[in-house]
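*Asks:* Dropping a structure here in structure tokens format, bear with me for questions.
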Amino acid sequence: RPDYQKLVNTGSTMRTVPDVGGHIGSATFSSSDYEIIGGSFYVAIGTSAAAPDFAALLALKASVQHSRLGLENPDIYTLSAHNDQLGYWYFHQSNPGDDGYYKYTRAHQGYNYIYGVGSPHGANFALLPFSPLAGDPQTATNP
């Protein structure tokens with residue numbers, strides 16, 4: 001396994017995946033992305049939603065650091081190893097999950113085989129833990 005994975009107990013002596021997880025969601029609109037493609041409305045869940053969300057988060061993080069990120073994996077595991085040590089979390093680690101093979105019904109700490117080190121807490125992961133965040137769309141905090 002790569003040295004960066006030694007920062008977190010993955011339960012294995014070999015490379016494990018995934019590194020991070022995103023919202024898995026459901027088509028009930030409670031945890032999904034809404035997209036308009038070619039004028040039609042779609043709901044995206046799973047990798048279809050999480051991958052572009054994470055790519056956007058990495059772009060924001062690169063902008064904050066005023067540099068290219070390069071290989072992000074060492075930073076992912078370093079941040080995970082310091083989760084909650086400064087009073088805030090870089091990764092949500094409270095998501096239950098069931099992929100048909102692994103099942104987690106309650107919060108995990110560190111690493112699991114569905115979410116990796118967890119799903120990123122956007123502002124903290126982008127190294128903006130104290131920045132003001134936009135509120136709900138079409139409200140006073142996010143007109």
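*Asks:* Please work out how much accessible surface Val17 shows to a 1.4 Å probe, ignoring ligands, DNA and RNA, in Å² rounded to 10.
*Replies:* Approximately 100 Å² for this residue.
*Asks:* To the nearest 0.05, how large is the calculated FRET efficiency for Thr47 and Thr13 if R₀ is 25 Å and r is the Cβ-Cβ distance?
*Replies:* So the FRET efficiency works out to roughly 0.40.
*Asks:* Sticking with this structure for a sec: Extension gain Leu71-Tyr102, at 0.36 nm per residue separation less the Cα-Cα distance, in nm?
*Replies:* Additional length available on full extension: 8.4 nm.
*Asks:* Let me ask something else about it. Hey, how many Å between the Cα centroid of the stretch 87-140 and the Cα centroid of the stretch 50-78?
*Replies:* About 15 Å separates the Cα centre of the stretch 87-140 from the one of the stretch 50-78.
*Asks:* In a Debye calculation with equal point scatterers on the alpha-carbon sites of the chain and no solvent, what is log10 I(q)/I(0) at q = 0.12, 0.14, 0.15, 0.19 Å⁻¹?
*Replies:* Taking Cα atoms of the chain as identical point scatterers yields -0.56, -0.76, -0.87, -1.30.
*Asks:* Report the trypsin sites (Lys or Arg not before Pro) located in the stretch 1-103 that are in a DSSP loop and have at most 12 other Cβ atoms inside 10 Å of their Cβ, or state none.
*Replies:* Filter output for the stretch 1-103: Arg15, Arg68.
*Asks:* Using θ = phi - 60° and the Karplus curve 6.51 cos²θ - 1.76 cosθ + 1.60, what whole-Hz ³J(HN,Hα) does each residue of the stretch 120-131 get, with Gly and Pro shown as x?
*Replies:* Taking θ as phi minus 60°, the curve returns x, 7, x, 5, 5, 4, 7, 6, 10, x, 10, 7 Hz for the stretch 120-131.
*Asks:* Tell me, what ³J(HN,Hα) does each residue in the stretch 47-53 have, in order and in whole Hz, if you take phi through Karplus 6.51 cos²θ - 1.76 cosθ + 1.60 with θ = phi - 60° and put x for Gly and Pro?
*Replies:* 4, 4, 9, 5, 4, x, 4
*Asks:* Another question, if that's okay. Which residues in the stretch 75-108 have a backbone N closer than 18 Å to a point placed 7 Å from the Cα of Thr141 along the Cα-to-Cβ line?
*Replies:* Only 88-89 fall inside the zone, counting backbone N under 18 Å.
*Asks:* Would you be so kind as to identify which of Asn95, Gly135, Ala81 lies farthest towards the positive end of the dipole of the stretch 70-143, taking Lys and Arg as +1 and Asp and Glu as -1 on Cβ and the Cα centre as origin?
*Replies:* Asn95
*Asks:* Please list, by residue number, every one of the chymotrypsin sites (Phe, Trp or Tyr not before Pro) in the stretch 69-139 that is coil in DSSP and has at most 11 other beta-carbon atoms within 10 Å.
*Replies:* Tyr101, Tyr102, Phe130
*Asks:* Taking a point 7 angstrom from the Cα of Ala81 along the C-beta vector, which residues in the stretch 53-69 have backbone N less than 16 Å away?
*Replies:* Residues passing the 16 Å test: none.
*Asks:* Once you charge only the Cβ atoms, +1 for Lys and Arg and -1 for Asp and Glu, what is the size of the charge dipole of the chain about its Cα centre, to the nearest 20 debye?
*Replies:* Dipole of the chain, to the nearest 20 debye: 340 debye.
*Asks:* Given charges of +1 on the Cβ of Lys and Arg and -1 on the Cβ of Asp and Glu, with all other atoms neutral, how large is the dipole of the stretch 27-107 about its Cα centre, in debye to the nearest 20?
*Replies:* Approximately 100 debye in magnitude.
*Asks:* With unit charges on the beta carbon (Lys/Arg positive, Asp/Glu negative), name the residue among Asn112, Gly122, Asn9 whose Cα is farthest towards the positive pole of the charge dipole of the chain.
*Replies:* Asn9
The values are calculated or read from the model by the stated rules, or taken from the named source; none is laboratory data. Only a predicted model underlies this, so the values are computations on that prediction, with no experimental measurement involved. FYI the Cβ positions are ideal-geometry reconstructions off the backbone, even for glycines, and counts take in every protein chain you see. Side chains are part of the model used for accessible areas, which takes the heavy atoms of the whole protein and leaves out ligands, DNA and RNA. Shrake-Rupley method; radii C 1.70, N 1.55, O 1.52, S 1.80 Å.
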